[in-house]
Amino acid sequence: MGVPPEEQKLLVGYRETGDLRVLGRLYEPYMPLVYGLCYKYYKDEAKSEDAVMQIFESLITKLRTHEVTNFKSWLYTLARNHCLMDLRRSNRIQTVDIDEHLMESDVFMHQHHSGEGIPEEQLVLMESCLETLNTEQQTCVRLFYLEQKCYKEVADITGYDLNKVKSHIQNGKRNLKICMEKNKHE
Amino acid sequence: MNNSYYIIRIQRYLNGELSRDEMYELEREALDDPLLQDAIDGYRLQRDVNHRQLSLLQRRLADRIEGQAKERNAFFFGWQRLGVAATACVLMVLVLVLLWMRNQPMQRTSEKEVQVELPVPEGSAGVRAVAASGAGLDAYPEGGWEAFNTYLGDKLIGTSPKGEAILSFDVDARGVPANIQADGHIDAALLSELQQLLVDGPKWAGTKGKVAITF
């Protein structure tokens, strides 16, 4: 994910001036997404709304001191931690699928984005790694990534629940990546 | 990134309004973008994308930002107000002082007016002669005390030291004071000057006189 230069300008501008209008321009586009994220954890409208504002408050201080380069992923981590910490404090922590995304780094995405340049041994490696996944994950990953079916179609084809499909794909993707990194270094 | 674009896509995705390819594209993007993924999950839980709610949130953000601006303004006006208040205080003190100063001289002038009225009109140097009372003293200036005082005043301008002298004298047949003597101690030079003044001065009526001269 490239960082939009506009965003970079706002980040630097805010760090230097502390002008909330600049920070507002940076944060506002993300508010609907942050709200959705908060709702996922709180399952409560008012709390999520407040959290969106509280996250803005912590941006006010944090972005003055932290030099952030990728605002979107940084914001994601901040927002998520805010919700999790808050839930932990109020002792209502529920089971949340914690690290689906945190382990994701660019290897896989990279391949996706600069698709032409994938060496053949990588493809072979991927094929053999796919074999190591359990059936559900393998099926879902194949359908999704190789046949480019959307979740609903995958669900229709496999008969799995839509949410299951999603987690199979996410977990399958993660396992695939772990497998490929391990084998690459061997 | 365009936020309304994303939110509308999410909404249409959740409503099942997207085409197969669009759905796939969003899902694919969400896999690489955890924030988007979590947002989709959240909206799915909420079962709806509530645009009114989102614009209220935007309103809150705008208010918060406005708050800082207002804070700054309030501070700014605070100083301005302080300045105005300080100026007003200074002006008020000035006016009070002026009023007080105007009142003070008026009191003095009124006191002076009283003083001025009291004495017999006198010569320019403030010299004043009055008849001293006593038995057998009957002399008075023929032209009146006023003329006598004026005469003395003209002659005694700038005389020093200031003081008072009491002179007793006889009036001879021509009305000229003679045998002029001072009551009490008096500087000899001053005495002779005063004697000369009396002799050269206006004529007197009567036989025996005594004057107290203040100069």
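Can B:Leu61 be described as more than 8 Å from chain A (Cβ to nearest Cβ) and at pLDDT 90 or above? Judged against the criteria, B:Leu61 is not a match.
Quick one: count up the residues across the stretch B:9-29 that are free of Cβ contacts under 8 Å to residues at least 12 places away in the same chain, assigned to a helix (DSSP H, G or I) and facing chain A (nearest Cβ under 10 Å). It would help to see each step written out before you state the result.
If we filter the stretch B:9-29 for residues that are free of Cβ contacts under 8 Å to residues at least 12 places away in the same chain, which is where we start, we get B:12, B:15-21, B:23-25, B:27-29.
Narrowing further to those that are assigned to a helix (DSSP H, G or I): B:12, B:20-21, B:23-25, B:27-29.
If we keep only those that are facing chain A (nearest Cβ under 10 Å) too, we end up with B:20-21, B:23-25, B:27-29.
Residues flagged as free of Cβ contacts under 8 Å to residues at least 12 places away in the same chain, assigned to a helix (DSSP H, G or I) and facing chain A (nearest Cβ under 10 Å) within the stretch B:9-29 amount to 8.
With the requirement that a residue be aromatic (Phe, Trp, Tyr) and touching a residue at least 12 places away in the same chain (Cβ under 8 Å), what does the stretch A:40-90 give you? Break it down into steps so the answer makes sense when it comes.
Looking only at the stretch A:40-90, we keep the residues that are aromatic (Phe, Trp, Tyr), and these are A:41-42, A:56, A:71, A:74, A:76.
Passing the criteria: A:Tyr41, A:Tyr42, A:Phe56, A:Phe71, A:Tyr76.
The set of residues in the stretch A:16-39 being touching an Asp or Glu at 6+ places or on another chain (Cβ under 7 Å) and touching a residue at least 40 places away in the same chain (Cβ under 8 Å) consists of A:Leu26, A:Leu37.
Just to be sure I understand, how many residues within the stretch A:15-26 are assigned to a helix (DSSP H, G or I) and more than 7 Å from chain B (Cβ to nearest Cβ)? Show your work before the answer.
Initial filter on the stretch A:15-26 (assigned to a helix (DSSP H, G or I)): A:15-17, A:20-26.
Right, trim to more than 7 Å from chain B (Cβ to nearest Cβ) and you get A:15-17, A:22-23, A:25-26.
Number satisfying all stated conditions: 7.
When the stretch A:39-74 is limited to residues that are more than 7 Å from chain B (Cβ to nearest Cβ) and touching a Ser or Thr at 6+ places or on another chain (Cβ under 9 Å), the one that is surrounded by the fewest Cβ atoms within 10 Å (Cβ to Cβ) turns out to be A:Tyr42. Taking the stretch B:133-142 as the range and being surrounded by 15 or more Cβ atoms within 10 Å (Cβ to Cβ) and out of contact with any Phe, Trp or Tyr (no Cβ under 6 Å at 6 or more places or on another chain) as the test, the residues that pass are B:Leu137, B:Tyr140.
Count of the stretch B:30-57 residues, restricted to those that are within 8 Å of another protein chain (Cβ to nearest Cβ) and outside any loop (DSSP other than H, G, I, E, B), is 18.
State whether one or more residues within the stretch B:174-182 are surrounded by 13 or more Cβ atoms within 10 Å (Cβ to Cβ), among the polar types (S, T, N, Q) and within 53 Å of the chain's Cα centre (by Cα). No - not one qualifying residue is present in the stretch B:174-182.
What do you reckon, is A:Val12 at the interface with chain B (Cβ under 8 Å from one of its Cβ atoms) and assigned to a helix (DSSP H, G or I)?
Numbers: at the interface with chain B (Cβ under 8 Å from one of its Cβ atoms): no; assigned to a helix (DSSP H, G or I): yes.
It is false that A:Val12 is at the interface with chain B (Cβ under 8 Å from one of its Cβ atoms) and assigned to a helix (DSSP H, G or I).
From the list B:Ser124, B:Ser133, B:Ser110, the one residue that fits, being closer than 30 Å to B:Asp172 by Cα, polar (S, T, N, Q) and modelled with pLDDT under 65, is B:Ser124.
The set of residues in the stretch A:157-179 that are aliphatic (A, V, I, L, M), crowded, with 18+ Cβ neighbours inside 10 Å and over 17 Å from B:Met23 (Cβ atoms) contains only A:Leu176.
The values are calculated or read from the model by the stated rules, or taken from the named source; none is laboratory data. All figures in this text were calculated on a predicted structure; none of them were measured in a lab. All Cβ positions, even for glycine, are placed from backbone atoms using ideal geometry, and neighbour counts span all protein chains on display.
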